[in-house]
Amino acid sequence: MLPQVPDRALAELGRTEGGTDTLALLVRDQDTRRLLLLRAVLDAADAADPAVCSAGQKARLRDDWALLAEADRAAPAGRRGAEATEGDAVSPARALLLQPLTGPWAVSCLRGLAPGAGPADDQRIRELRRALAHFGALVTVAAARAGIPVTTRLTARDGVLSLPSLGALHTAGSGDVSVEVDARDGRLTLRQTDAPDVVVFLESRFGAWSGAPAWTPAHALPGLTSGAAPMPLDDLDPYRAVRGGPRHHTLSGPTTLDDVERKRWLQAWSGTAAALRSGGGHRLTEALALLRCLVPLEMPPGADGRGGCSATRREAFGALLSSTPPSPVAFAGTLVHELQHAKLAALSDMVTLHQSAADARYFAPWRPDPRPYDGLLQGAYAHLGLADFFQRRALTGEPAHRESAWAQHARYRAQVGAVLPALVGSPHLTVRGRQFVDEMVAAHERMAAHPAPRGHTARAQAYLKSSRTLWTQRQSTSLPPNG
């Protein structure tokens, strides 16, 4: 039975906040859904047509699942960060299953195994075979972390064998290459034809090292605060991006970092906790509770280091995709923005907030295109969180940064104010959805107690007016001619 959302938690989230209990509720629900999703993969494979998933593949999946269960019963690896409750412990196997990028992998498997996925052509079979083989890599890592000796065969994809949370082996041959893996005593020996063995040593908390040039270790940034777990900076996982899936036009693809870019990430990350705290202690609390990994994206064309792009993925709860952050404050703002999306997506899995038709379209001043109601709600919620963050920075931050914070607060608050009437006026809100939106309205109104300087407010209103005018012109030119 999945948990219910108390009114107190709904009210906290409506204000774009959330205490530790509320955030833990979201995390537990998402973790439960992830485990159910993984079980669904096994069941779908077992029921699949042999032309799609062969008897050999099904047998391998069952063997891997049994090994995974054994690893899960092994001694726990300790608490998994700020969201773990007192007395809670997570096994090495479960910690891997709950990694954000395991979600996209599971969705990819289910898509390939679905009866209506289309004919069992070579491309579909190849991608599904690769996806199912990735489960073997995940299970091998789980067994190695749990101290269970195992010898198995894994398959590298396009010459790269990705071992989640450890790193990647670049094979001597290209294409899909078979690699024998022997894991025992805290190390993995990777064997392939016509290439020397590669010995990899597990680090105590994250990653693995090797002196072999063919090995690329997984990287992590230090914990966001003292005592927090290292934050994976994952530029290796093959499921960190949607292959061929829809993507917003401003979002770039994943990238592999070099040493220079990795140092830039570290520089921004090192000051992010302080920047978050300057916008309210609850912003740091939610980052510690919800954020589990960072996925680097390419810098968008023309950004020139000053802009960037970021995103969250509903199936990868806890992951933040972002181009290289230009500064700690900018990255803190990105975290605030994207974690509001993550919170609302998680809440929407637990509570039906509205029943609006997907074809309804609304004006959103942060986007040039018309938005469906759900997209409008998501955008308004994220921008409300940013308005709160920058107002707090303006009120408590350093004088040198105050004007910039007020300017951003004024713009975000004006944008939210422009769409709240459409959100509140919708007849498709459920009872609990109306409670949630009413809390958003109240939070927006409370900001008026500390208004931005008049000049910033005037510029924000002028920007809003211009955005609405341009949006209206675009819609009128896109309409078909009469008659």
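What residue, among those in segment 366-387 that are touching a Lys or Arg at 6+ places or on another chain (Cβ under 7 Å) and not hydrophobic (A, V, I, L, M, F, W, C), is surrounded by the most Cβ atoms within 10 Å (Cβ to Cβ)? Full working, then the answer.
Residues of segment 366-387 touching a Lys or Arg at 6+ places or on another chain (Cβ under 7 Å): 368, 370-372, 379, 387.
After this cut, where a residue has to be not hydrophobic (A, V, I, L, M, F, W, C) as well, the list is 368, 370-372, 379.
Numbers: P368: 11, P370: 16, R371: 20, P372: 16, G379: 22.
That would be G379.
Scanning for something within 19 Å of L68 (Cβ to Cβ), more than 21 Å from the chain's Cα centre (by Cα) and either open to solvent by less than 20 Å² (accessible area, probe 1.4 Å) or not hydroxyl-bearing (S, T, Y) (or both), does segment 186-194 turn up at least one residue? Give the derivation first.
As a first pass, look at segment 186-194 and keep what is within 19 Å of L68 (Cβ to Cβ): 188.
Within this subset, residues satisfying the condition of being more than 21 Å from the chain's Cα centre (by Cα) are 188.
Checking the rest, the ones that are also either open to solvent by less than 20 Å² (accessible area, probe 1.4 Å) or not hydroxyl-bearing (S, T, Y) (or both) come to 188.
Yes: segment 186-194 contains one or more residues that are within 19 Å of L68 (Cβ to Cβ), more than 21 Å from the chain's Cα centre (by Cα) and either open to solvent by less than 20 Å² (accessible area, probe 1.4 Å) or not hydroxyl-bearing (S, T, Y) (or both).
Can you name the residue in segment 474-483 that is assigned to a helix (DSSP H, G or I) and open to solvent by 100 Å² or more (accessible area, probe 1.4 Å) and is also modelled with the lowest pLDDT among such residues? So that I can check it myself, show each step before the final result.
Step one: of segment 474-483, the residues assigned to a helix (DSSP H, G or I) are 474-478.
Subset that is open to solvent by 100 Å² or more (accessible area, probe 1.4 Å): 474, 477.
On the way: R474: 84, T477: 71.
Ranking the qualifying residues of segment 474-483, first place goes to T477.
Name the strands (runs of 3 or more DSSP E) wholly inside segment 195-291 in which the number of residues that are surrounded by 19 or more Cβ atoms within 10 Å (Cβ to Cβ) and among the hydrophobic types (A, V, I, L, M, F, W, C) is 3 or more. Outline the logic, then answer.
Numbers: elements: 198-202, 215-217, 219-221, 231-233.
So the answer is 198-202.
Hey, could you check segment 331-359 for residues that are without any contact (Cβ under 8 Å) to a residue 40 or more places away in the chain and in a loop (DSSP other than H, G, I, E, B) and say which is most open to solvent (accessible area, probe 1.4 Å)? Spell out how you get there, then give the answer.
Keep residues of segment 331-359 that are without any contact (Cβ under 8 Å) to a residue 40 or more places away in the chain, which gives 334, 345, 348, 358-359.
Right, trim to in a loop (DSSP other than H, G, I, E, B) and you get 358-359.
Working: A358: 81, D359: 120 Å².
Ranking the candidates gives D359 first.
Please enumerate the residues belonging to segment 399-448 that are over 19 Å from A462 (Cα atoms), of a type in the set (S, T, N, Q) and open to solvent by less than 20 Å² (accessible area, probe 1.4 Å).
S426, the sole residue that qualifies.
Looking at segment 48-64, which of its residues are open to solvent by 30 Å² or more (accessible area, probe 1.4 Å) and in contact (Cβ under 8 Å) with a residue 40 or more places away in the chain?
D49, A51, Q57, R60
What pairs come out if I take residues in segment 374-395 that are within 15 Å of M447 (Cβ to Cβ) and pair them with residues that are of a type in the set (S, T, Y) and not in a helix (DSSP H, G or I) whose C-beta lies under 8 Å away, six or more apart or interchain?
Close Cβ pairs (under 8 Å, with a partner that is of a type in the set (S, T, Y) and not in a helix (DSSP H, G or I)) amount to Y381/T16; L384/T16; G385/T16; D388/T16.
Please count how many residues of segment 19-47 are closer than 13 Å to F135 by Cβ and open to solvent by 70 Å² or more (accessible area, probe 1.4 Å).
1
Could you run through segment 137-154 and say how many residues are more than 12 Å from W65 (Cα to Cα) and in contact with a helix residue (DSSP H, G or I) (Cβ under 9 Å, 6 or more places away or on another chain)?
Residues flagged as more than 12 Å from W65 (Cα to Cα) and in contact with a helix residue (DSSP H, G or I) (Cβ under 9 Å, 6 or more places away or on another chain) within segment 137-154 amount to 11.
Take segment 12-67 and flag every residue that is basic (K, R) and not in a helix (DSSP H, G or I). I'd like the intermediate steps shown before the answer.
Here is the first cut: in segment 12-67, the ones basic (K, R) are 15, 28, 33-34, 39, 58, 60, 62.
Of everything in segment 12-67, just one residue is basic (K, R) and not in a helix (DSSP H, G or I), namely R15.
The values are calculated or read from the model by the stated rules, or taken from the named source; none is laboratory data. Model, not experiment: these values are computed from the prediction. Don't worry about glycine lacking a Cβ; one is built from the backbone with ideal geometry, like all the others, and counts go over all protein chains shown. Remember, those area values only see protein heavy atoms, side chains included, never the ligands or the DNA or RNA. Shrake-Rupley method; radii C 1.70, N 1.55, O 1.52, S 1.80 Å.
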